[in-house]
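Asks: Handing you a structure now.
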Amino acid sequence: MLDELAIDVAQEKSRHEEELSDAWLQHEKEVLGVRARYEKELCGLHEDKNRTEEEIRSQLRDEKARTRELESMQQMVEKLQAQIQSMEGTKGWFERRLKEADETAEKSALEHQEQVQKLQLEHTAQLQGKMAEMEAQQRATENAFREVLKVQAETVLDLQDRLKGRNQTETLDCP
């Protein structure tokens, strides 16, 4: 009985060791399966991480290129803004000069118009003076002409009278 018990215990122990070994093998298989699955997932995650890193590096390169392009454009924009400000200043200067020129031209036109009116008034006054002078000269000429005519008429009459007187004396002297 003791031998049977020992055999049973040995069989039980052997079965138990076998079950334990089977369980251990099963456990090892499951651990290897889980490990293989996790390693596969880890490998996939590493690939995703590498792909994502490459995408991020590519985006970073693109962003750096855009940044350089924007910086050069920013410099160009600043230069253009400076040119615009300069042109606006020049435009303002030209507008002021144009306004001054317009004012000067308007002032000159007014002065010219005033001067023309003044000269026209002076010319009219001089013309009236000359007309009056000419009329006075004409009257004086007419008076002088009348005087000359009067003197000539008197002279002619006087000569006629003398001739008559001579003719009468000659007629008296002539037999």
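Asks: Given the criteria at pLDDT 90 or above, assigned to a helix (DSSP H, G or I) and surrounded by 10 or more Cβ atoms within 10 Å (Cβ to Cβ), does residue 46 qualify?
Replies: yes
This table checks each residue for (1) modelled with pLDDT of 90 or more; (2) not basic (Lys, Arg).
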residue: 10; (1), (2): no, yes
residue: 31; (1), (2): yes, yes
residue: 53; (1), (2): yes, yes
residue: 57; (1), (2): yes, no
residue: 81; (1), (2): yes, yes
residue: 95; (1), (2): yes, yes
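The values are calculated or read from the model by the stated rules, or taken from the named source; none is laboratory data. No experiment lies behind these values; they were computed from the predicted model shown. FYI the Cβ positions are ideal-geometry reconstructions off the backbone, even for glycines, and counts take in every protein chain you see.
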